[in-house]
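Structure first, then comments.
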Amino acid sequence: MNAHVQPHLTQHCVLLAAFAVDALIAEVNLTPKPALVDQRGSGAHDDLTLALMQRSAHSLQPMFFKMAQAAFQYRTCSLALREAIGEIGRAGEAVMLQTTGGVNTHRGAIWALGLMVTAAALESLTRKSFSAIELCELAGKIAQFEDRFIPQQALISHGQQVQKTLGISGAKFQAQQGFPAIIHFGLPTLYKSRLAQGNETTARVDALLAMMTTLNDTCVLYRAGATGLKRMQQGAQRVLDVGGYSTVAGQHTFNVLEQDLLGLRASPGGVADLLAVTLFIDRVEQFYFKNK
């Protein structure tokens, strides 16, 4: 791999890495989120705090920079690029675990957001502007390559255990399909709620809820099984059905959903990862639209 990247592209790597970390920080600080870490507390988690999540997010900035750099070096969607960012991602995960004392704060986000940073870097080589759909499709194509260098004895995540036991498709499949939860639910709801309410917080909460209605969140499945997943999906839909989080009825229904998830100790961490990706895409779209 050619280690040289032109100076102006290096600055672009810095920008994309900053956007990715900003998205992670925005996600964890979004308040309220049902049973997730936010500014009120640790949700359904015993081992996570807001400060820990923030430190973890910042620790990943060099990793995102190197992924964007790899895209500029390889310049095409390929197995070689997939394996390069896989190696970078594993090193980034090690840094994350060292930062958090062994707590898995952002493993899913490393996968999903890493793919999106790489795709955004590739797209910027040939386009002055591009759509969310194009970005997600390219990220999906990168994800479809099978990394031959994944350690055979790699630690199996809770999500992977659920997938193996229940035959449920997880984060890998979501990425390989071009992130349909984001394209069909997260981003449309973010845009619609933002336009209707003019309130960024409620727009982001509604986007989170919209993805909760459809995603087979393996974090919830691991903690609460298929029954817990159904209650999450139906509860989120009820919030949206009464007008979303901006309404009094929506806030009341949201609180009911949160108490239910807290009782189950079920935290929708997979949806939280996708919200971070959604916020990254939104930021990238705005940047390229303004600078095309």
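Each value in this text was obtained by applying a stated rule to the coordinates, not by laboratory testing. All of these numbers come straight from a predicted model, not from anything done at the bench. Every residue, glycine as well, gets a Cβ built from its backbone with ideal geometry; the counts of neighbours run over all protein chains shown.
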At the level of C-alpha centres, the distance separating segment 177-207 and segment 223-250, in angstrom, is 15 Å
So what's the angle, to the nearest 10 degrees on a 0 to 90 scale, between helix 200-212 and the longest Cα principal axis of the chain? 90 degrees
What full-extension length gain, to one decimal in nm, is calculated for Phe145 and Val242 as 0.36 nm per residue of separation minus the Cα-Cα distance? 30.7 nm
From the convex hull of the Cα coordinates of segment 219-292, what is the mean projected area in square nanometres? 5.8 nm²
Separation between the Thr214 and Thr227 pseudo-spin-labels, each 7 Å from Cα along Cα→Cβ, expressed in nm? 2.8 nm
Between Asp38 and residues 5 or more places away or on another chain, which pairs have amide H atoms under 5 Å apart, with H built 1.01 Å from N, and which residues are they? Gly43
If you work out volume of the Cα convex hull per residue in Å³ from the coordinates, which of [x] 155; [y] 117; [z] 141 do you get? [y]
If I model a spin label at Ile133 and Thr10 as a point 7 Å from the Cα along the Cα→Cβ vector, what separation in nanometres do I get? 3.8 nm
In degrees, nearest 10, the alpha-carbon axis of helix 79-100 is tilted away from the dominant principal axis of the alpha carbons of the chain by 60 degrees
Given a Förster distance of 30 angstrom, what is the FRET efficiency for His184 paired with Thr76, based on the Cβ-Cβ distance and rounded to 0.05? 0.60
Test of understanding: express the Cα radius of gyration of segment 1-84 as a ratio to 2.2 N^0.38 Å, with N the residue count. 1.38
Once phi for every residue in segment 237-242 is put through the Karplus expression 6.51 cos²θ - 1.76 cosθ + 1.60 (θ = phi - 60°), the whole-Hz ³J(HN,Hα) values, with Gly and Pro written as x, are 5, 5, 4, 5, 5, 9
